[in-house]
Structures are given as C-alpha cells and as structure tokens.
2 protein chains.
Amino acid sequence: MKILLIGATGLLGNAVAKELEGKHEIIRAARHNADVEVDITKPDSIKRMFEQVGKVDAVISATGHAHFGALEEITPELNEESIESKLKGQVNLVLLGMDHVNDDGSFTLTTGVIMDEPILHGASSAMANGAVKSFAKSAAIEMPRGIRINSVSGTVFQESPEGLRAYFPGFDPIPVSKAALAFRKSVEGAQTGQSYEIY
Amino acid sequence: MKILLIGATGLLGNAVAKELEGKHEIIRAARHNADVEVDITKPDSIKRMFEQVGKVDAVISATGHAHFGALEEITPELNEESIESKLKGQVNLVLLGMDHVNDDGSFTLTTGVIMDEPILHGASSAMANGAVKSFAKSAAIEMPRGIRINSVSGTVFQESPEGLRAYFPGFDPIPVSKAALAFRKSVEGAQTGQSYEIY
C-alpha cells in the first residue's frame with residue numbers, strides 16, 4: 001500500500017514508519033525534514049500536501065500539538081492551540097483528504113489515554129482527544145467507497161522524555177512500538193469506527 | 001442556590017428551568033429574550049455576562065449549535081460552526097466563568113447521544129460532544145475550591161420537531177423532563193467528572 005504518514009519525524013511517527021515500511025511504501029510528511037512538508041493547522045497546507053502526494057491507500061496522523069497547563073491558567077487563547085492542531089488539524093486531514101484516498105483505503109488518527117484517565121494539566125489535550133475519537137467513530141458510518149477510519153489512543157511511552165513521564169504517575173509506560181502495532185491493525189485490518197486503546 | 005442557566009429559551013433549557021425553579025433562583029441567559037443576553041461564541045460576551053450576573057452557585061449550559069450535514073459535504077468552515085459554539089462556547093463558559101462560581105459550586109455542560117451512537121450527518125456534532133465530555137471529565141480533577149463539573153448527554157426528545165426525530169431511527173425518544181433531571185442531579189448532587197447518559 002501507499003501510505004501517507006503525517007508526523008513522521010516524531011517519536012510515535014518514527015515507530016509507525018518502522019512498523020510499516022518493510023511491507024508498504026511510506027510517504028513521510030512533517031513540518032520539516034520529510035518527503036512532504038505540511039502544517040496541519042493550515043487547511044491550505046493540507047490541500048497542497050494532498051495535491052503533491054496524489055492518491056494514497058492510507059493516511060495516518062501521528063501528530064497534533066496540544067496545550068498542557070494548569071486548568072486555572074488555561075485561557076481561551078491557550079486552549080486554541082489544542083483546537084487548531086490536535087483537533088482541527090487531524091479532523092481537517094480527513095475532511096480535505098477523503099477524495100485523495102483510494103477505494104477501501106483508511107484514515108488512522110491519534111488521540112491519547114488522558115481522555116479516559118485524566119492527569120493534572122491535561123484538560124485541553126483531553127478535550128482534543130475526545131473530539132477526535134468521537135469524530136472518527138461517527139465519520140466511520142458515512143465514509144464513501146469503503147474507506148475506513150479509526151483512532152489510536154496510546155498511554156505514555158517508555159521512550160518519552162522523563163519530564164513528560166513525570167505527569168503520568170502510576171501509569172504503566174508502553175514501548176512506542178506497541179502503540180505502532182495498533183496503526184498496523186487499523187491500516188491492514190478491516191475494522192472501522194474503532195478507538196484502539198493501548199494502555 | 002443562585003443558578004445561571006445559559007440556553008434558557010430552548011427546549012432543553014426550558015425544561016431545566018422548570019425542574020429547578022421551585023427550589024432555586026434561576027438567572028436565564030440566552031441570545032435574546034432572557035434576563036441576560038449572551039453569545040457563547042464570543043469570549044467578550046461571556047465575560048460581560050459573568051460581570052453582569054456576579055457570583056453564582058451553579059452554571060448550566062443547555063446550549064450549543066452544531067453543524068449537521070453529510071460527511072462528504074462538511075468543509076473545515078462548516079465544521080467550525082460546531083467548534084465555535086457547542087465546543088468552544090461551552091468550554092469557554094468554564095474557563096472564563098470559574099472565578100465567578102462560589103466555593104463548592106458546579107458547572108453542568110451538554111453533550112448528546114450521537115457521540116456514542118452515531119447517526120448520519122452527525123460527525124461534526126459528535127466531535128463537539130466528545131470534546132466537551134472529555135474536557136469536563138478531565139477538568140474535574142483540577143477544579144479549585146470544591147467546584148464540580150459534569151456533562152449531560154441526552155438522546156432525542158419526544159418534544160423534538162419531527163424533522164429532527166427522523167434522524168434518529170430506532171432511538172427511543174425521552175421526555176425532555178427526564179434529561180432535565182440529570183441537571184438537577186449534577187447541581188444538587190456531589191459527583192464530579194461524570195457524563196450522565198440519558199438514553
């Protein structure tokens with residue numbers, strides 16, 4: 001399959017590429033240092049990426065910035081960071097990319113454990129995760145031409161920086177390669193509307 | 001208790017007011033024809049509302065517009081309608097209203113069944129619902145001064161217009177008064193971080 005992987009240069013994106021590259025053609029997209037440059041917060045940039053890449057069999061989003069910060073200090077403006085990137089960025093990949101995906105292709109988006117198990121400073125990011133999960137579940141019943149859509153929710157990774165892992169006390173970190181498996185399940189499997197929770 | 005009810009003029013808001021007005025002081029907010037006028041898509045309008053109303057014991061949102069339409073016809077711009085109103089409008093009521101709620105007060109937001117049971121044309125609205133549910137669940141663990149936050153997810157109402165009910169084939173419509181009960185549970189009860197699902 002020809003797979004467009006957005007966020008290919010990140011920790012998760014790298015692991016997803018490693019999991020899939022033996023068997024598939026991977027087109028890496030990221031803000032910089034990738035086959036295709038894209039800024040998912042800009043619809044025009046998403047459109048340009050799809051025009052550049054042409055038709056693909058699968059679109060994987062392993063990206064999305066979210067604001068982390070104490071609830072009492074989250075302003076509407078700071079919350080907008082999560083909305084623009086993790087939420088709208090990923091949803092717009094689907095809205096603008098649908099026509100560029102071959103029949104029976106797929107979309108796989110990324111959410112995260114904190115929508116199910118809240119952590120301090122995580123409300124804005126959890127909001128974006130919940131939005132993406134519900135969008136994927138709902139969009140699945142209307143996808144044209146046999147196209148499927150799932151989301152993957154991973155917990156904190158063993159390879160995450162220590163400063164990040166400190167926000168997840170008592171959470172059992174997984175190897176990022178385990179989260180990457182769920183993307184293979186989504187791309188090569190036949191399910192749709194699922195939220196794969198790898199906790 | 002002094003309760004600020006946003007969306008007081010709608011079907012759900014009216015039922016919530018009826019459920020609570022015997023026992024509490026209700027301040028009705030809506031775009032027009034209410035004690036206080038507010039447009040939740042505008043942070044400045046939310047701020048003005050809270051300044052006008054002063055301290056309250058509970059904030060209830062029974063409002064939020066979302067875009068309904070076929071998935072293939074949802075553009076980023078149309079999706080923005082759901083983000084601006086049902087999603088950000090409600091989240092901003094919390095972010096901007098927190099300081100105006102008395103100790104041990106509460107927020108209660110509104111989501112909806114289609115995040116759990118998708119319907120045709122519902123992807124954008126489901127996205128907003130999932131965001132609000134996850135935000136409330138996550139914000140609950142960081143609310144200051146004993147303030148609680150819950151969300152209420154109702155199914156379609158017996159009193160909903162027939163044109164709307166047609167989008168919910170096989171769903172069992174509830175009386176709107178039953179959904180209103182969940183708002184009383186949230187306001188007068190002691191739970192937090194809950195999604196009350198009235199299906």
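The values are calculated or read from the model by the stated rules, or taken from the named source; none is laboratory data. Source: prediction; values computed, not measured. As a convention, Cβ positions derive from the backbone with ideal geometry for all residues, glycine included, and neighbour counts pool all protein chains shown. The accessibility values were calculated without ligands, DNA or RNA, using every heavy atom of the protein model including side chains. Shrake-Rupley method; radii C 1.70, N 1.55, O 1.52, S 1.80 Å.
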> Are any residues in region A:145-199 open to solvent by less than 40 Å² (accessible area, probe 1.4 Å), in contact (Cβ under 8 Å) with a residue 40 or more places away in the chain and β-branched (Val, Ile, Thr), and if so, which ones?
Replying inline: A:ILE147, A:ILE149, A:VAL152, A:THR155, A:VAL156, A:VAL176, A:VAL187, A:ILE198
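For (1) farther than 23 Å from B:GLU80 by Cα; (2) at pLDDT below 95; (3) of a type in the set (Asp, Glu), each residue gets a yes or a no:
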| site | (1), (2), (3) |
| --- | --- |
| A:LEU120 | yes, no, no |
| A:ALA128 | no, no, no |
| A:VAL132 | no, no, no |
| A:PRO144 | no, no, no |
| A:ASN150 | no, no, no |
| A:SER153 | yes, no, no |
| A:GLU159 | yes, no, yes |
| A:PRO169 | yes, no, no |
| A:ILE174 | yes, no, no |
>> I'd like to check something: does region A:40-52 contain any residue that is farther than 30 Å from B:ASP44 by Cβ and aliphatic (A, V, I, L, M)?
In response: yes
>> Condition check: acidic (Asp, Glu) and away from every other protein chain (no Cβ under 13 Å). Does A:GLU77 satisfy that?
In response: no
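For B:PRO118, are the conditions met, namely being in a loop (DSSP other than H, G, I, E, B) and under 21 Å from A:ILE114 (Cα atoms)? Walk me through it before giving the result.
Working: in a loop (DSSP other than H, G, I, E, B): yes; under 21 Å from A:ILE114 (Cα atoms): no.
Taking the combined requirement at face value, the residue does not satisfy it.
Give B:HIS100, B:HIS65, B:HIS24 a once-over and let me know the one that is in contact with a helix residue (DSSP H, G or I) (Cβ under 7 Å, 6 or more places away or on another chain) and over 25 Å from B:ALA123 (Cβ atoms). Steps first, please.
Details: B:HIS65 fails: over 25 Å from B:ALA123 (Cβ atoms); B:HIS24 fails: in contact with a helix residue (DSSP H, G or I) (Cβ under 7 Å, 6 or more places away or on another chain).
Of the residues listed, the single one that is in contact with a helix residue (DSSP H, G or I) (Cβ under 7 Å, 6 or more places away or on another chain) and over 25 Å from B:ALA123 (Cβ atoms) is B:HIS100.
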>> If I ask for residues that are touching a helix residue (DSSP H, G or I) at 6+ places or on another chain (Cβ under 6 Å) and assigned to a helix (DSSP H, G or I), which ones from region B:68-85 would you list?
In response: B:LEU71, B:PRO76, B:ASN79, B:SER82
>> If I filter region B:80-98 down to residues being buried (at least 24 other Cβ atoms within 10 Å of the Cβ) and touching a His at 6+ places or on another chain (Cβ under 7 Å), which single residue comes out as farthest from B:SER45 (Cα to Cα)?
In response: B:SER82
>> Looking only at region A:116-126, filter to residues that are surrounded by fewer than 24 Cβ atoms within 10 Å (Cβ to Cβ) and either on the phi > 0 side of the Ramachandran plot or touching a Ser or Thr at 6+ places or on another chain (Cβ under 6 Å) (or both); which one of those is nearest to the other protein chains (Cβ to nearest Cβ)?
In response: A:PRO118
>> Report every pair of residues separated by at least 6 positions or lying on different chains whose Cβ atoms are under 6 Å apart, first residue within region A:61-87 and under 30 Å from A:MET98 (Cβ atoms) and at pLDDT 95 or above, second outside any strand (DSSP E or B) and of a type in the set (Val, Ile, Thr).
In response: A:ALA62/A:VAL16; A:GLU84/A:THR41; A:SER85/A:THR41
>> It is to be established whether one or more residues within region A:127-139 are within 27 Å of A:HIS24 (Cβ to Cβ), outside any loop (DSSP other than H, G, I, E, B) and open to solvent by 40 Å² or more (accessible area, probe 1.4 Å).
In response: yes
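Mind listing just one residue for me: the one in region A:37-59 that is in a loop (DSSP other than H, G, I, E, B) and aliphatic (A, V, I, L, M) and, of those, nearest to the chain's Cα centre (by Cα)? Spell out the reasoning first.
Just the residues of region A:37-59 that are in a loop (DSSP other than H, G, I, E, B), to begin with: A:38-42, A:54-55.
Applying the additional criterion that residues be aliphatic (A, V, I, L, M) yields A:38, A:40.
Numbers: A:VAL38: 14, A:ILE40: 11 Å.
Of everything passing the filter in region A:37-59, A:ILE40 is nearest to the chain's Cα centre (by Cα).
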> Quick check: anything in region B:91-102 outside any helix (DSSP H, G or I) and more than 7 Å from chain A (Cβ to nearest Cβ)?
Replying inline: yes
> Restricting region A:1-27 to residues that are in contact with a His (Cβ under 8 Å, 6 or more places away or on another chain) and open to solvent by 10 Å² or more (accessible area, probe 1.4 Å), which is farthest from A:GLY97 (Cα to Cα)?
Replying inline: A:THR9
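Taking B:ASN33, is it more than 18 Å from the chain's Cα centre (by Cα) and in a helix (DSSP H, G or I)? Walk me through how you get there before you give the answer.
Working: more than 18 Å from the chain's Cα centre (by Cα): yes; in a helix (DSSP H, G or I): no.
It is false that B:ASN33 is more than 18 Å from the chain's Cα centre (by Cα) and in a helix (DSSP H, G or I).
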>> Just checking, does region B:52-60 include any residue being surrounded by fewer than 21 Cβ atoms within 10 Å (Cβ to Cβ) and within 25 Å of B:LYS178 (Cα to Cα)?
In response: yes
